[in-house]
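So the structure is just underneath, and the comments pick up after that.
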Amino acid sequence: MSSSILPGLEDFISGSDPGSHEQSNGESSAQFTRSRSTDRKQEVPKKKKPRVDPAHLKTESKSRVLNQDNTASDGISQRRIAAQLGKMPWVLRVTDRRDKPSPILVIKYRRPLDESGSRTELVDRGIIYGDSLRRCLPSIRTILARVRDENDVHLELHHFLSGKQITFRGNLPLNESAGAKLSLLFRLQTRVKDLDRVELMALRITNFTGEEATYWLSRISHFGNATNRWAEAGMRVMLGGQPGDPAIAELLKNIERE
């Protein structure tokens, strides 16, 4: 066996540096050393691919699908809502005004302009904003969550008023029951400074049936100005108690526990 092969074999076994051994054949040794050196230069270390957790891939994929579904669902929901705006008798407008804290909620009634009802106009029937709105917002969301279309399908309107800040601006269609309740609430909370009374009125009106809300709204709407004003004052006491009555706070706690 040629002696020029032995140094390489020894290096492979011992793992030592090839240049630390003397060679019997200088030319072969130099050639062998150059070959090993060239091979080392040409070798490029492979980068290790980061380990990917299969569970993470599944979660990411699922999240992507959910986002797509939510986007599609929002689009379908908005089209359904837009289709109801010209049909339902009430509209809730969420908007801004320079002279009032944002947002403000305006309830509007679709009043017919002729006997056939083919021509209508929207007429303001109440407004709420500021601290009163913040205290009444849970009740308002509950009322909106119950609104359904002509096929008895929920419109999910309460989602438009969700979150710490209401960013939605636009019109929401309301059926007779929801419109009557919100109109009654918006009318009665006006000029009431005690927010506990305002919240109590909102909670009790939310529990009205549609027929009850329509009846009581008619009592403060369809008569002369003085008679309507007296009826409003009486209903504020009936639903929200007398100003300063300590029983109001206790009644609020009882209703919240229910």
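The values are calculated or read from the model by the stated rules, or taken from the named source; none is laboratory data. Since the structure is predicted, the reported quantities are computational estimates derived from the model, not experimental observations. When we count neighbours, we look across all protein chains shown, and the Cβ atoms used for this are built from the backbone with ideal geometry, even at glycine.
Checking each residue in the range 195-229 for being over 18 Å from G179 (Cα atoms) and at pLDDT below 95 picks out F223, G224, N225, A226, T227, N228, R229. For the range 127-165, a residue qualifies if it is more than 17 Å from the chain's Cα centre (by Cα), more than 20 Å from L200 (Cα to Cα) and acidic (D, E), and the qualifying residues are D149, E150, D152. In the range 216-249, the residue that is surrounded by the fewest Cβ atoms within 10 Å (Cβ to Cβ) out of those that are farther than 13 Å from R197 by Cβ and under 34 Å from the mean Cα position of the chain (by Cα) is W216. Of note, R187 does not satisfy the criterion of being of a type in the set (D, E, K, R), under 20 Å from the mean Cα position of the chain (by Cα) and modelled with pLDDT of 95 or more.
With respect to the conditions (1) modelled with pLDDT of 95 or more; (2) acidic (D, E); (3) more than 27 Å from R110 (Cβ to Cβ), D245 falls short on a single one, namely (1).
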